[in-house]
Each structure stands twice: as C-alpha cells, then as structure tokens.
Number of protein chains: 2
Amino acid sequence: MADAPSTNAAPAFLVALREALGAAAVLIGPDVPERNRNDWSMQQPARPIAVVRPVDTAGVSMAMKACRAAGVPVVPQGGLTGLCGGSRPEDGWVALSMERMVGIEEIDPASSTMTVWAGTPLELVQRAAAEAGFYFALDLGARGSCAIGGNLSTNAGGNRVIRYGMARELVLGIEVVLPDGTVMTSLNKMLKNNAGYDLKHLFIGSEGTLGVITRVVLRLHAQPQCTMSALCALPDYEAVVRLLGEARRGLGPLLSAFEVMWPDYWDVVTKRVGVRSPLQQQTGGNGKEVYVLVEAQGTDEAIDGPRFERWLEKLMEDGALTDAAVAQSVADTQAFWALRDACAEFVSVLGQNISYDIGLPVKSMADYAARCKAALAERIPGCDSVYYGHIGDGNMHLVAWVPGMGPGLQPKEQMDEVIYGLVREFGGTVSAEHGIGTAKKKWLGHARSEEEIALMRLLKGALDPLGLLNPGKVV
Amino acid sequence: MADAPSTNAAPAFLVALREALGAAAVLIGPDVPERNRNDWSMQQPARPIAVVRPVDTAGVSMAMKACRAAGVPVVPQGGLTGLCGGSRPEDGWVALSMERMVGIEEIDPASSTMTVWAGTPLELVQRAAAEAGFYFALDLGARGSCAIGGNLSTNAGGNRVIRYGMARELVLGIEVVLPDGTVMTSLNKMLKNNAGYDLKHLFIGSEGTLGVITRVVLRLHAQPQCTMSALCALPDYEAVVRLLGEARRGLGPLLSAFEVMWPDYWDVVTKRVGVRSPLQQQTGGNGKEVYVLVEAQGTDEAIDGPRFERWLEKLMEDGALTDAAVAQSVADTQAFWALRDACAEFVSVLGQNISYDIGLPVKSMADYAARCKAALAERIPGCDSVYYGHIGDGNMHLVAWVPGMGPGLQPKEQMDEVIYGLVREFGGTVSAEHGIGTAKKKWLGHARSEEEIALMRLLKGALDPLGLLNPGKVV
C-alpha cells in the first residue's frame, strides 16, 4: 500500500478541525490507525485522509460541516464489525468515528429506558442494563466489539428477534447529525408519540447514509428470571413449521428463540466440528431430519420450568418430535447453543467458505434449501452448502464452499448469482440482518422493486443532496 | 351550506375518471355522501368536489394521477374515525376513499401474517385472525368503524401497546400509491429484512400526507388462552410506578394492560357516572389514591391464573397496595374495564367537555396532573379536569370542562395553551396516539424541535413536491 499523504501536506480544513477539536480528535494521513481503514467485510484496507473522533455531538456537527465545506465524503464508524462494507471508507474520505463517544448518560427506571452515546459497545449497554435490574434484549456475536450506534445504523437482528424484535424495535429516541451538520435531537422516552412523522426509523437501518447517530434512547425490558431450552429432532420441515405454531401457542410471548438446523449442517457440526449431540438417537435416516433449538425465557423457574417440560412432553406423546432433550442446567443450554454457534468454526473444518444472510417466507425455506443446494452443485462443480437459521423470523443463513479452494479463490460471484437468483424467485430478501453496504448493493434489485429503490434514492437525494455522507452505499 | 357544484358542471377530469372507474367509483358534487365530508374531529362539514372510491390499487393510482394532472388536492379516507382532522377534506378537494377496498387477501399460517386491503374494518381483521386461530393485537373503541389503512396512517395505539406495540409494530409490509400515482408494492412477510431503507415506517403514522396505503401485511400473534385482571388502589403515584416495575418483572411479557385512574377521575366514574367500585374500601382519603387496572394474557389458565393471583397476594402482603380485587370471571373483567371506559359517558354527566391525548415521561405524570389541574383552574375560572391513561406507554388522557358551558362554548383555546404549554415544559408530546391532522398542527412545535419539523417538511416536499396529497396536514 502506498503511503498516505503526510501531515505536512494535510488539507487546511483538517488542520483547522484539529485545532478546534484537539489533536486526539483528528488523526491525519499516516496517523490513521489500521482499524479505521476497513470493517469486517474483508475488503482491501482503504486510505482515508483522516479519522475524526469527536467526544460530543457538537464535535460531530463541526466535523460534518467542515468536510461538507471541503467537499470530502464522510463515513460514520462504530465498532467496525459490519459485514457488508457499510463503515468502510474509500480512499480520500474522512472516517468519522464514534469511538470516543462512549457511556451511559441516564437510566430512567420509571420509563424503562437508557440514554446512551452511540459509540458505546453493545456489551457495556447490556451490562449497565443488568446492573440496574433491567434487560437490554439485543444480542449478537460481536457484542464486545460492536457499538450501539452501529447496531442501530444496521438495524441489527440476532437470536431473540422472535420475542423482542430487531434493533429498531428497541429504540425510542435518537439524536442524529444530518449531512449538513444540523443536530436533530429527538430523545423521546415514550412508547407512544404520534406528533408528526416518526423520523427515527429513517435513520435506523440506513447504514449511515442519511445521518450520523450520536445518542439513543433504548427500551429496556424486565430481566428474565429463568431460561428453558430444548433440542429437538423432527422428521421433516413440515413438522418444524407445525412445531413453530405449537411454540407460539403453547409458550406465547415466552418463546425467545427458534433456531433451525438442516441435516447437512447438523452433520458438519456433529461429525466434523465434533460438537456432541445431546440426542439419544443418531441421525442419518432419511436425510430429511431437521433439528430445532427452542428457547423460552420465564419470570419464575418454579412455574415456567415445568410448563416448558409439559409442553414438550405432550409434543413427544403426540408424535410431533422424533427426539428431544431438555436442558437441565446452564451447561446444557450452553451445549445446545454450541451446536448453533459452531458455524463460527467452519473455516477450520471446511476451509475457506462463504456465508450468507438471506430472508425467505417461512413456508418456503425447505424448498429453497433443497433447490439452492442442487443448483449450487450443478452450477459450480464440487460446491457444497449447508443451511440453518432463525426461521421464525424468516431468516436463513447458509454456508457454501468448494472444498480445497483457498482464500479468495471461492467462486463467490457464481454463488451469489445462484443464491440471490433463487431468493428473488422465492420472494425473499438478500439481506435479513447484515444490511447492504457495498457488498450486496448489486443484488438489492433482487429483493426490492424499482419503485422502492427509486424512493430510497429520492430520500437519499433529499437528505444528502451533495452526496457526501457515505456515498455509494446501499443505493 | 351552499350547494356543491352540480354534476352538469363536473370537471372534465372527474367525468373521465368516472368513465374509467365506473359510476359507483366517482360520486360528484351533490352526490358526495355526508359521511365523506368530515371525520370525528367535529369540524364543519367540508364540500369536496367528488369522492373517488376505487376497488383496486390500479384505480387508486389512476385517481391520483388524474387529480395531480388537474392540480386538485386529494385526501385519503378510511373509516373516518380520526379525531384530528387527518381525513377531513377541504372545500374543492377530492376525497379518495378506501371504503370499497375491503377484504382479507391471504392468511399465511407459517409466517403468521395476514394480507389485507386498506379499507377493511379493524373488527373484521380481528375476527378473521381469530377464525384462523390467531390474534391481531390492535384494538380500540372505533374497531367496528375504523379501517386498517387508517389505523396504520395514524399509527393507532389502544390499550395493549405495552405488550404488542403501536400499529407500526404490527405491520410487516405495505403497498402505497405515491403522490405521483406510482404504485410501490412492498408486501414483505419477514420479521427481518434489512435490504435497504425501511420505507414502510415513512408512511405509517404520516396521516396520508406522503402516500395512500392500499394493502398491508399484518403480523399476527398467537391467540391468548386466558386473561387475568385486577383492580388495585394505591396510596400515591410513587406506589403506582413501583407497581409498574413489579408487573414488568413478575408478569414479564404476559402484562397486556396497565391503566391508571387518578382520584378525581375515579370519583366522577363511581359517583356521577355510577359505575360500581369492585373495591371494598371506599375512597375519599387523602385525595392521592390512584387506581390501576392491571391485565395479563396467558397461555394456560391453570398455570397463569394462579401465578397472577400469587403475584398480587404478595404485593398485598408487602403493603404495596391499599386494596385490590381480582377478576374471577369474564363479567368481572368487563366490570373493571367499565371503570376505564366510562370516560365515553362523561358528556352525559359533565356536559360538554374537551378530551386530550398527550404523552409524558412516566415519572412525571403525577406532577403534570397536579400542575395542570391547578393551572387550568387558575387560568379558566371554574375549569375542572380529570386524568387517566396508559401510563406504561407514557400516554395520558385528560378531560377538561367548565361546568354549564354548552356545545362550542368551552374555552378550548385557553385549555390548549395551558395543557400543551405544560407538555412542552415536561418534555412530553401533544399527541400520543391520535395524531396531528389539522387540530393539533398549531402545537406540533411544543413536542418537536425546529430541526425535526424542518426534516418533516423536507420529506413532505421530496415526496409530494406539488403539495397535492392531504396538504396542510401534520406539517
């Protein structure tokens, strides 16, 4: 990589900004840390001309105005854990990082809300909520690194969406700096507020292309008092859809996760990664078995524990399940989740592979998996794929790979064509929870109509007429 | 009222539209029914030049294009039960009614969704969900008359927001006709879909000023199997906030309503309307008692009924409540709700009165009620007021009146100034669930900042540059 311009040649607007915000807030040229050059989308590290790291909203506003006056594009950055390139700068841009805007501003127990700075790591938010006797329901693997502002910018999902909703449903108010530097403070704490348009939803999920989120009011829930879980084997996908209905009826709002694993996924996890199956019966029957991790959160172990077990026993008696194991301890629960989380280990047993995050109507998932597996194998010789996901949310993940192909050699483009082509045919979405960024931009038209994309562009043009805030992302 | 123009003088674009859509779809001049001239905001009936009632989305699009070409403003209409004038036409406008776009298009049990036409009455949606073994959670007094499209346009609330959220949280997809007649079909069924901006939230709650909602995909829940409720008396508001916390912790997601009644409201209901109090102890102590109706929905009567009773008994033992009655039957539950719903009878005992829908941070509600009652009495001689609401949602209702003042004579303007002035001071909202329309437009600035309102105007201008869709409403 060629050297970035030295500070001696630093543009005047950056020097002025450094004077205004302090030396620690503006890192220019070679001082730009490696981490701010990329996100987890694994593209080439970029060469932004500077990283600006304000400590407050006024600083963010000042930075936005300065870059705008200089005509320099800005990319907002949180924990940089995005998988689609949303927070990756391009060469010559300014990265506007929230990394020093960290902390809990207030917890309001009466309103069950927490007001927090955008750069605060998710895990810190979760911990502060727990310490105050509450529960912040958003959770995902990158919890230690990702920032709450980024979680909102990408409308993060995770494992408990079926009960608590996506990130946007956990937000009551936001503060945003608009592309022209205007600070829009909308730190509402009320569940109900119909005074005019609901502006927060415009910024949540727009991946930092319409404004920079600086503070948020989060909705807190009551801390669950107990967690019940079971690992079930079912004869086929139709039985899984019936189980989902039974879980919704029998567990009601206690249902907190419903994770499905198709047989090929199960085989990789139990046979190659080597996670122990808690089920007595071994798999390998008709090749159609599907495995489900069901989780419920209750308020009283003495009541909700037996309720969960009785619900499952009845299903076993009715023949709805082939086999089931109920967690008797926290260790059991962790062992169940280890099966679901083993996908993180796939690179060590499968080698280089490509993972996907798509959405489909619930009823179509099994058909999709079968069609997609066959189509990938036909289109790409040797290509294998496995399927799993949060099916109650309409969210499927899949991993595809050609054995033996090293880093960068997997035929991603062809895989994309097969996978997203079928998504379009099934009326699904090319991104359930990861967003679009730059990585999936090409495929947006497979999930959204021309009219929808035209309206997205209209909104982008209205809010950012100069096209200087994270341009080229999403739309 | 002067006669509307006769059909002989009907503008050419309406005649052409009538030819294209059929005589039943375009009612011109004197043929405009009385009901389409107004909504429940009780303003003067207007004189629209026509009502257009298409039977499908293409008809809505054609109507929008025709009116746009003619430069005539259009107001979308659903069940016309809005309280703020959002669906009231002005003289010379065209009313675009969804009244013939009625029906359930599909129920998808696997996805737990229902696709429905915008003109379908809420009650019909609820019934269709129940018949399919599901529950549509939105509920409000006007259920028999209001249309689901209007519920979404105003982001309706109701009694069970604390558990299921506002209308917007019960929607997964929408179809909208934009001001230029473009049909944007976005009938998503997935809980997770992060492919680009979430456009539906722009239209939900914007009161028909940005587009006309024609079809929607609704999120269905499992039918609750039992309902538990209790009527509690508490010594003061601090005890109420503690009870709300205990309900959230002890009942968790089963908590489905938390309705609070201040002592003056209670007195009017029990002594003047004459609803029987289910509590043994009579009120009239320190004047600070507050009454709470707590409701929970469970999945199993045998489990959740005793859980609810034990939860309440423990609170009684701990001295958290002054008195409490638990419903032992559906009739009991109805009797408890009769106390809360008695506000509908106020006109018969108080005479003409003005009712308000505001939002406040939960912790500030009692202070607000005390300050507001005193300020109203001071500003307006003889003015009395009573307070009640869904406090878990931050939503308060209040009724103010000067005894003996007949229809139209109540000093509403002065009441507005006091009530909304204090809302601003307490950081609340001038509309929690009813919307802004024309009735509250003057007060929008008491709940939203200049920057927020400027952004609303920017959005309005971007989507409706000619200003022909429901102009002058909201912003």
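Under 6 Å by Cβ, and 6 or more places apart or on different chains, what pairs join a residue from segment A:377-396 that is more than 23 Å from A:Glu345 (Cα to Cα) with one that is in a strand (DSSP E or B)?
Filtered contacts from segment A:377-396: A:Gly392/A:Phe258; A:Gly394/A:Gly359.
Each row is one residue, and each column tells you yes or no for (1) in contact (Cβ under 8 Å) with a residue 40 or more places away in the chain; (2) surrounded by fewer than 23 Cβ atoms within 10 Å (Cβ to Cβ).
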site: A:Ser364; (1), (2): yes, yes
site: A:Leu398; (1), (2): yes, no
site: A:Pro411; (1), (2): no, yes
site: A:Phe426; (1), (2): yes, yes
site: A:Ile436; (1), (2): yes, no
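Keeping to segment B:56-82, report how many residues are among the hydrophobic types (A, V, I, L, M, F, W, C) and within 26 Å of the chain's Cα centre (by Cα).
Looking only at that region, the number is 4.
Name the single residue that is surrounded by the most Cβ atoms within 10 Å (Cβ to Cβ) among those in segment A:326-341 being touching a helix residue (DSSP H, G or I) at 6+ places or on another chain (Cβ under 8 Å) and either farther than 30 Å from A:Met405 by Cβ or not assigned by TED's automatic domain parsing to the domain that holds A:Ser256 (or both). Spell out the reasoning first.
Start the filter on segment A:326-341 by keeping residues that are touching a helix residue (DSSP H, G or I) at 6+ places or on another chain (Cβ under 8 Å), which leaves A:326-327, A:339.
When the remaining residues are screened for being either farther than 30 Å from A:Met405 by Cβ or not assigned by TED's automatic domain parsing to the domain that holds A:Ser256 (or both), the result is A:326-327.
Values: A:Val326: 19, A:Ala327: 21.
Selected residue: A:Ala327.
Within segment A:172-180, is there a residue that is part of a loop (DSSP other than H, G, I, E, B), within 7 Å of chain B (Cβ to nearest Cβ) and over 18 Å from A:Ser97 (Cβ atoms)?
no
If A:Arg249 satisfies every condition in (1) of a type in the set (Lys, Arg); (2) within 14 Å of chain B (Cβ to nearest Cβ); (3) farther than 26 Å from A:Asp139 by Cα but one, which is the exception?
Result: A:Arg249 passes all but (3).
Could you list, in sequence order, all residues of segment A:377-393 that are crowded, with 24+ Cβ neighbours inside 10 Å and at pLDDT 95 or above?
Selection gives A:Ser385, A:Val386, A:Tyr387, A:Tyr388.
Enumerate the pairs (first residue in segment B:329-345 and touching a residue at least 40 places away in the same chain (Cβ under 8 Å); second residue anywhere and assigned to a helix (DSSP H, G or I)) with beta-carbon separation below 7 Å, excluding pairs fewer than 6 apart on the same chain, so at least 6 apart or on different chains.
From segment B:329-345, the pairs are B:Leu339/B:Val269; B:Ala342/B:Val269; B:Ala342/B:Val273; B:Glu345/B:Val273.
Considering (1) polar (S, T, N, Q); (2) crowded, with 20+ Cβ neighbours inside 10 Å; (3) more than 14 Å from B:Ala439 (Cα to Cα), say which one B:Ser87 fails and leave the rest.
If we test B:Ser87 against (1) polar (S, T, N, Q); (2) crowded, with 20+ Cβ neighbours inside 10 Å; (3) more than 14 Å from B:Ala439 (Cα to Cα), just (3) comes out false.
State the number of residues belonging to segment B:124-151 that are part of a helix (DSSP H, G or I) and farther than 15 Å from B:Leu80 by Cβ.
Let us first name the residues in segment B:124-151 that are part of a helix (DSSP H, G or I), namely B:124-131, B:148-151.
Within this subset, residues satisfying the condition of being farther than 15 Å from B:Leu80 by Cβ are B:124-131.
Residues that pass the stated criteria total 8.
Is it true that some residue in segment B:189-211 is more than 7 Å from chain A (Cβ to nearest Cβ), at pLDDT 95 or above and assigned to a strand (DSSP E or B)?
no
Of the residues in segment A:404-441, how many are outside any loop (DSSP other than H, G, I, E, B) and more than 12 Å from chain B (Cβ to nearest Cβ)?
Result for segment A:404-441: 11.
Only residues that are more than 14 Å from chain A (Cβ to nearest Cβ) and assigned to a helix (DSSP H, G or I): list them for segment B:357-388, please.
B:Ala369, B:Ala370, B:Arg371, B:Cys372, B:Lys373, B:Ala374, B:Ala375, B:Leu376, B:Ala377, B:Glu378, B:Arg379
How many residues are hydrophobic (A, V, I, L, M, F, W, C) and touching a Pro at 6+ places or on another chain (Cβ under 9 Å) if we restrict to segment B:30-78?
So the answer is 14.
Residue-wise test of (1) under 25 Å from A:Gly103 (Cβ atoms); (2) among the charged types (D, E, K, R); (3) in contact with a helix residue (DSSP H, G or I) (Cβ under 9 Å, 6 or more places away or on another chain); (4) modelled with pLDDT under 95.
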site	(1), (2), (3), (4)
A:Pro5	no, no, yes, yes
A:Ala16	no, no, yes, no
A:Leu27	yes, no, yes, no
A:Pro45	no, no, yes, yes
A:Val60	yes, no, no, no
A:Ala69	no, no, yes, no
A:Val72	no, no, yes, no
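Just to be sure, is A:Leu80 crowded, with 18+ Cβ neighbours inside 10 Å, in contact (Cβ under 8 Å) with a residue 12 or more places away in the chain and in contact with a Ser or Thr (Cβ under 6 Å, 6 or more places away or on another chain)? Give the derivation first.
Values: crowded, with 18+ Cβ neighbours inside 10 Å: yes; in contact (Cβ under 8 Å) with a residue 12 or more places away in the chain: yes; in contact with a Ser or Thr (Cβ under 6 Å, 6 or more places away or on another chain): yes.
Yes.
Restrict the check to segment A:333-356 and report whether at least one residue is within 14 Å of chain B (Cβ to nearest Cβ) and out of contact with any strand residue (DSSP E or B) (no Cβ under 8 Å at 6 or more places or on another chain).
no
Look through B:Gly92, B:Gly119 and report the one residue that is away from chain A (no Cβ under 14 Å) and in contact with an Asp or Glu (Cβ under 6 Å, 6 or more places away or on another chain).
None of the other options fit; the residue is B:Gly119.
Could you check, for segment B:113-122, whether at least one of its residues is part of a loop (DSSP other than H, G, I, E, B), in contact (Cβ under 8 Å) with a residue 40 or more places away in the chain and touching a Phe, Trp or Tyr at 6+ places or on another chain (Cβ under 9 Å)?
no
Within segment A:442-471, count every residue that is surrounded by 15 or more Cβ atoms within 10 Å (Cβ to Cβ), touching a strand residue (DSSP E or B) at 6+ places or on another chain (Cβ under 7 Å) and facing chain B (nearest Cβ under 7 Å).
4
Would segment B:90-100 turn up any residue that is more than 29 Å from B:Pro471 (Cα to Cα), aliphatic (A, V, I, L, M) and assigned to a strand (DSSP E or B)?
Within segment B:90-100 (the criterion being more than 29 Å from B:Pro471 (Cα to Cα), aliphatic (A, V, I, L, M) and assigned to a strand (DSSP E or B)), the answer is no, since none of the residues qualifies.
Between residues in segment A:18-35 that are surrounded by 15 or more Cβ atoms within 10 Å (Cβ to Cβ) and residues that are hydroxyl-bearing (Ser, Thr, Tyr), which pairs lie under 6 Å by C-beta distance while being six or more apart or on different chains?
A:Ile28/A:Thr7; A:Gly29/A:Ser6; A:Gly29/A:Thr7
Limited to segment B:45-89, what total is found for residues that are outside any loop (DSSP other than H, G, I, E, B) and farther than 20 Å from B:Val176 by Cα?
Narrowing segment B:45-89 to residues outside any loop (DSSP other than H, G, I, E, B): B:50-52, B:57-70, B:74-77.
In the following step, the residues that additionally are farther than 20 Å from B:Val176 by Cα were identified as B:50, B:70.
Qualifying residue count for the region: 2.
Go through A:Leu234, A:Leu251 for me and flag whichever is surrounded by 24 or more Cβ atoms within 10 Å (Cβ to Cβ), in the same structural domain as A:Leu321 (by TED's automatic domain parsing) and either of a type in the set (Asp, Glu) or more than 24 Å from the chain's Cα centre (by Cα) (or both).
A:Leu251
Would you mind telling me which numbered condition in (1) over 30 Å from B:Thr429 (Cβ atoms); (2) more than 13 Å from chain A (Cβ to nearest Cβ) B:Glu295 fails?
Among (1) over 30 Å from B:Thr429 (Cβ atoms); (2) more than 13 Å from chain A (Cβ to nearest Cβ), the lone unmet condition for B:Glu295 is (1).
The values are calculated or read from the model by the stated rules, or taken from the named source; none is laboratory data. Here the structure is a predicted model, which is why all the values come from computation and not from measurement. Note that we place each Cβ from the backbone using ideal geometry, even for glycine, and neighbour counts take in every protein chain shown.
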